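Since the structure comes first, as structure tokens, the remarks are kept for the end.
The values are calculated or read from the model by the stated rules, or taken from the named source; none is laboratory data. Every value quoted in this text rests on a predicted model; they were computed, and no experiment measured them. Neighbour counts run over all protein chains shown; Cβ positions are idealised from the backbone, glycine included.
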Amino acid sequence: MTVYKNLNKVAEITLLFWLMKIVATTLGETLGDFLSMTLNLGYLGGLVITAGFFLVVLLIQLSSQKYIPVYYWLVIISTTTLGTEVSDFMDRSLQLGYTVGSIILFAGLILVLLAWFKKFGSLAVFPIQQRGKELFYWIAILFSNSLGTAFGDFLTDSLGLSYLHGAFVTAAIILVVILLHRFTRINQIFLFWVAFIFTRPFGATFGDFLTKPLAKGGLDLGTLNASIVSLAIISILIYISHRGSIILNQTENETE
């Protein structure tokens, strides 16, 4: 059992975390569509490219001995982008539909969480120091983001909601989770995973709102322009997170 000298490997769950997660999911949606649709690589081509990127940044993150914001958030971005390609490949290439795809991904997530709990006796997402636990963490995040993508597309494509209305629905669910966290004693880890899943379709539907044609209820910014804007925003937030991490480390060193 590998422990990284008691150093945490993942982001703390704060308001900044959730803001960055939403921006990362928007970027994942627009970037995934840019690869498969705008560049006309197809869903399989986009899946191969994003899976390769995910594996590279995941290996970098796993090899690090402490939490480094840029490594961590590159993996998050890669899971949101790969999640877009997984969902679209299941629906459009395999023709499973978003309903069946969502059920399959939900079952996969539950199995991962059950295996995680059986091995470690807890599903706590912060802090994480053991490599085995971190691997479960990232697999669960990949399933969560893929599931969130499929559910977001289910709202717009299967239920016929506009992209903006789909964002409102998922935002309402997130608000309910926040209220449950604040005013009830419902298990906090359970609420984390619910919020994590539904911030993905919120970002996805907002990404679609930015990129889709005006006739379909979007702003028609295009996948490239929307990706550039989202990348700029997440880069600023990563810098803020990095500065905060440095200050925290300095404070901890001074108190030792």
- Task: Any chance you could count how many residues in region 82-99 are in contact with a helix residue (DSSP H, G or I) (Cβ under 8 Å, 6 or more places away or on another chain), surrounded by fewer than 16 Cβ atoms within 10 Å (Cβ to Cβ) and of a type in the set (A, V, I, L, M, F, W, C)?
- Result: 0
- Message: Take the conditions closer than 30 Å to Ser122 by Cβ and of a type in the set (Gly, Ala, Ser) and apply them to Gly152. Does it pass?
- Response: yes
- Residues being in a helix (DSSP H, G or I) and either among the hydroxyl-bearing types (Ser, Thr, Tyr) or over 17 Å from Pro127 (Cα atoms) (or both) - total across region 63-74: 5
- Query: Among the listed residues Leu147, Leu175, Leu191, which satisfies the condition of being crowded, with 24+ Cβ neighbours inside 10 Å, hydrophobic (A, V, I, L, M, F, W, C) and in a helix (DSSP H, G or I)?
  - Reply: Leu147
- Message: Residue under question is Gly152, and the condition is that it be in contact with a Pro (Cβ under 9 Å, 6 or more places away or on another chain), in a helix (DSSP H, G or I) and within 30 Å of Leu55 (Cβ to Cβ); does it hold?
- Response: yes
- Query: Within region 239-255, can one find any residue that is in a helix (DSSP H, G or I), closer than 21 Å to Ser87 by Cβ and either polar (S, T, N, Q) or at pLDDT 85 or above (or both)?
  - Reply: no
- Message: of a type in the set (Gly, Ala, Ser), assigned to a helix (DSSP H, G or I), at pLDDT 80 or above and closer than 19 Å to Ile68 by Cβ: which single residue out of Ser230, Ser235 fits that description?
- Response: Ser235
- Task: Please specify each residue of region 13-62 satisfying the condition of being in contact with a helix residue (DSSP H, G or I) (Cβ under 7 Å, 6 or more places away or on another chain), among the β-branched types (Val, Ile, Thr) and either in a helix (DSSP H, G or I) or more than 24 Å from Phe198 (Cβ to Cβ) (or both).
- Result: Ile22, Val23, Thr25, Thr26, Thr30, Thr38, Ile49, Thr50, Val57, Ile60
- Task: Scan region 24-34 and give yes if some residue there is among the β-branched types (Val, Ile, Thr), under 24 Å from Ile178 (Cα atoms) and surrounded by 19 or more Cβ atoms within 10 Å (Cβ to Cβ), otherwise no.
- Result: yes
- Identify all residues within region 1-37 that are over 20 Å from Val75 (Cβ atoms) and at pLDDT 85 or above; write none if there are none. Leu15
- Message: Residues that are more than 30 Å from Val100 (Cβ to Cβ) and either modelled with pLDDT of 85 or more or in a helix (DSSP H, G or I) (or both): does region 211-224 have at least one?
- Response: yes
- Message: Can you confirm whether Thr205 is at pLDDT below 75 and either part of a helix (DSSP H, G or I) or farther than 27 Å from Pro69 by Cα (or both)?
- Response: yes
- Looking at (1) over 28 Å from Ile128 (Cα atoms); (2) of a type in the set (S, T, N, Q); (3) surrounded by 15 or more Cβ atoms within 10 Å (Cβ to Cβ), which is the one condition that is false for Thr79? (1)
- Which numbered condition Ala232 fails, given (1) crowded, with 18+ Cβ neighbours inside 10 Å; (2) within 18 Å of Leu19 (Cβ to Cβ): (1)
- Going by the structure shown, is Val125 assigned to a helix (DSSP H, G or I) and either of a type in the set (D, E, K, R) or out of contact with any Ser or Thr (no Cβ under 9 Å at 6 or more places or on another chain) (or both)? no
- Only one of Leu35, Leu39, Leu7 is over 23 Å from Leu221 (Cβ atoms) and either small (Gly, Ala, Ser) or more than 14 Å from the chain's Cα centre (by Cα) (or both), namely Leu7
